[in-house]
Amino acid sequence: MKRLNYSIALGALVLSSLGACSSGQDKKAKATPDVVTERVRTTRLGSEEITRTVVYTATLEPFKEVHMAPTSPGRIENIQVELGDRVKKGQELVRMNDTQLIQAEIQLNNLKADYTRLDTLKKLGSIAQQQYEQLQAQYEAAQENVDFLRKNTILKAPFNAAISGKYFESGEMYSGTPVAAVGKAAILSVIQVDKLKAIVSVSEKYFPKVELGMAVNLRFDVFPEESFEGKIFRIAPTIDPQSRSFEVEVSVDNSNGQLRPGMFGRVTIGLEKTDAIVLPALAILKMQGSNVRYLFIEENGRAKRIEVQLGNRFDDKVEVISDQLKVGNQVIVEGQARLLDGGPVEVVR
């Protein structure tokens, strides 16, 4: 009887052990998830020739600006333009009191008559050379005085321009004191707007690569879908020791009047051509909560995660920089959002 009870107990123990073992295996099997092979598309990594660029912000300015005023105070007879008017080069803008000019012209005419008479006598040998030279000097000085007074009595447009400031009215006295708006003495201000310029502060490290005549690209916030071509026409010869930068002046044609001084935009300067790795921008992923960028390549049926840095952007493509990438890598461009580093992938052609 004891022997039978012992056998039953032993059997129960064996069954219990087998049940526990089976239960543990089931739990382990359930704890290990099924590994999913992701279907992806790839593109072969290659290099392209690109133009490295730098982008700076800038504000458009008139290509030229002149504050017009005579050299001495006087009464303003007539101002013939209004704010915003367009004027042609040489067009009369302001006429000052001409009393001094008329007197100078009378004196010049008298000296001219005397000079003509003495010139005839000199040819006949009837006057001394010294007398002739004295009158000649007086006549030339009178000519210069008339020219000077004429320029300061009749103010003309120095170039095709727009009137950007009017600080007096006809009949007022011009005193010669600076105008608060411009910090200079002026009756009118004129600006050239058929051509504009942008002054850009460029980092000193690019000084050897920036050259006169280089073409640049300009974009403005008010015309987000358009780009404009400009040209570097002046480069500062020195580096600012405070900002470690130098100024570059860019001209842009505005013959159609589309642009205006004061517009804010961005100037893109192409520095050099070089070979670089360029990929579709959609292949690049960004780690959430950080600025880390990465992509996946396919190697032996597995996804390999590689961190990259971004360079210049070209429409829907972007330059990527990483010492782990090499020409010929198969970069995953579709299906990469669900991938894990080392996970199995199936490339779909």
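What pairs come out if I take residues in segment 131-148 that are in contact (Cβ under 8 Å) with a residue 40 or more places away in the chain and pair them with residues that are open to solvent by less than 60 Å² (accessible area, probe 1.4 Å) and aromatic (F, W, Y) whose C-beta lies under 7 Å away, six or more apart or interchain?
none
Looking only at segment 315-323, decide whether some residue is touching a Ser or Thr at 6+ places or on another chain (Cβ under 6 Å) and either part of a loop (DSSP other than H, G, I, E, B) or open to solvent by 20 Å² or more (accessible area, probe 1.4 Å) (or both). Break it down stepwise before answering.
We begin by selecting, within segment 315-323, every residue touching a Ser or Thr at 6+ places or on another chain (Cβ under 6 Å); these are none.
No, there is no match, as no residue in segment 315-323 is touching a Ser or Thr at 6+ places or on another chain (Cβ under 6 Å) and either part of a loop (DSSP other than H, G, I, E, B) or open to solvent by 20 Å² or more (accessible area, probe 1.4 Å) (or both).
Looking only at residues in segment 177-190 that are open to solvent by 20 Å² or more (accessible area, probe 1.4 Å) and assigned to a loop (DSSP other than H, G, I, E, B), which one is farthest from N256 (Cα to Cα)? Explain how you work it out, then say what you get.
We begin by selecting, within segment 177-190, every residue open to solvent by 20 Å² or more (accessible area, probe 1.4 Å); these are 177-185.
Narrowing further to those that are assigned to a loop (DSSP other than H, G, I, E, B): 177-178, 180-183, 185.
On the way: T177: 37, P178: 34, A180: 32, A181: 28, V182: 28, G183: 31, A185: 32 Å.
Selected residue: T177.
So, V36, is that one hydrophobic (A, V, I, L, M, F, W, C), open to solvent by less than 60 Å² (accessible area, probe 1.4 Å) and not in a helix (DSSP H, G or I) or not? Spell out the reasoning first.
Values: hydrophobic (A, V, I, L, M, F, W, C): yes; open to solvent by less than 60 Å² (accessible area, probe 1.4 Å): no; not in a helix (DSSP H, G or I): yes.
Taking the combined requirement at face value, the residue does not satisfy it.
What number goes with the only condition from (1) open to solvent by 50 Å² or more (accessible area, probe 1.4 Å); (2) outside any loop (DSSP other than H, G, I, E, B) that P158 does not pass?
The failed condition is (2).
Every residue in segment 149-160 that is in contact with a Lys or Arg (Cβ under 9 Å, 6 or more places away or on another chain) and either without any contact (Cβ under 8 Å) to a residue 40 or more places away in the chain or not charged (D, E, K, R) (or both), please.
As a first pass, look at segment 149-160 and keep what is in contact with a Lys or Arg (Cβ under 9 Å, 6 or more places away or on another chain): 153-160.
If the condition is that a residue be in contact with a Lys or Arg (Cβ under 9 Å, 6 or more places away or on another chain) and either without any contact (Cβ under 8 Å) to a residue 40 or more places away in the chain or not charged (D, E, K, R) (or both), then T153, I154, L155, A157, P158, F159, N160 are the ones that fit.
So, restricting to strands (runs of 3 or more DSSP E) that lie completely within segment 191-271, which ones have at least 3 residues that are without any contact (Cβ under 8 Å) to a residue 24 or more places away in the chain? Write out each step before concluding.
Working: elements: 195-203, 215-220, 223-235, 245-253.
Strands (runs of 3 or more DSSP E) meeting the threshold: 223-235.
Of the residues that make up segment 262-277, is at least one under 26 Å from D341 (Cα atoms) and open to solvent by less than 60 Å² (accessible area, probe 1.4 Å)? First the steps, then the outcome.
Taking segment 262-277 as the starting set, the residues that turn out to be under 26 Å from D341 (Cα atoms) are 276-277.
Within this subset, residues satisfying the condition of being open to solvent by less than 60 Å² (accessible area, probe 1.4 Å) are 276-277.
Yes: segment 262-277 contains one or more residues that are under 26 Å from D341 (Cα atoms) and open to solvent by less than 60 Å² (accessible area, probe 1.4 Å).
For segment 167-176, does any single residue satisfy the condition of being touching a Leu at 6+ places or on another chain (Cβ under 6 Å) and either assigned to a loop (DSSP other than H, G, I, E, B) or not β-branched (V, I, T) (or both)?
Initial filter on segment 167-176 (touching a Leu at 6+ places or on another chain (Cβ under 6 Å)): none.
No: segment 167-176 contains no residue that is touching a Leu at 6+ places or on another chain (Cβ under 6 Å) and either assigned to a loop (DSSP other than H, G, I, E, B) or not β-branched (V, I, T) (or both).
Would you say I76 is at pLDDT 90 or above and in contact with a strand residue (DSSP E or B) (Cβ under 7 Å, 6 or more places away or on another chain)? Give the steps one after another, and end with the answer.
Working: at pLDDT 90 or above: yes; in contact with a strand residue (DSSP E or B) (Cβ under 7 Å, 6 or more places away or on another chain): yes.
Against the criterion (at pLDDT 90 or above and in contact with a strand residue (DSSP E or B) (Cβ under 7 Å, 6 or more places away or on another chain)), I76 qualifies.
Of (1) within 30 Å of E319 (Cα to Cα); (2) surrounded by fewer than 16 Cβ atoms within 10 Å (Cβ to Cβ); (3) among the aromatic types (F, W, Y), F148 satisfies all except one. Which?
Here F148 meets the rest and fails (1).
Going by what's in this entry, would E226 be described as open to solvent by 60 Å² or more (accessible area, probe 1.4 Å), farther than 18 Å from L60 by Cα and among the charged types (D, E, K, R)? Working first, answer last.
Numbers: open to solvent by 60 Å² or more (accessible area, probe 1.4 Å): yes; farther than 18 Å from L60 by Cα: no; among the charged types (D, E, K, R): yes.
Judged against the criteria, E226 is not a match.
Here is a list: E144, E204. Which entry is touching a Lys or Arg at 6+ places or on another chain (Cβ under 6 Å), of a type outside the set (A, V, I, L, M, F, W, C) and at pLDDT below 95?
Of E144, E204, the one residue that is touching a Lys or Arg at 6+ places or on another chain (Cβ under 6 Å), of a type outside the set (A, V, I, L, M, F, W, C) and at pLDDT below 95 is E204.
Does M287 satisfy being of a type in the set (A, V, I, L, M, F, W, C) and free of Cβ contacts under 8 Å to residues at least 12 places away in the same chain?
Values: of a type in the set (A, V, I, L, M, F, W, C): yes; free of Cβ contacts under 8 Å to residues at least 12 places away in the same chain: yes.
For M287, the condition - of a type in the set (A, V, I, L, M, F, W, C) and free of Cβ contacts under 8 Å to residues at least 12 places away in the same chain - is met.
The values are calculated or read from the model by the stated rules, or taken from the named source; none is laboratory data. Note that the coordinates shown come from a computational prediction; the quantities given were computed from them, not determined experimentally. Cβ atoms come from the backbone with ideal geometry, glycine included; neighbour counts cover every protein chain shown. The accessibility values were calculated without ligands, DNA or RNA, using every heavy atom of the protein model including side chains. Shrake-Rupley method; radii C 1.70, N 1.55, O 1.52, S 1.80 Å.
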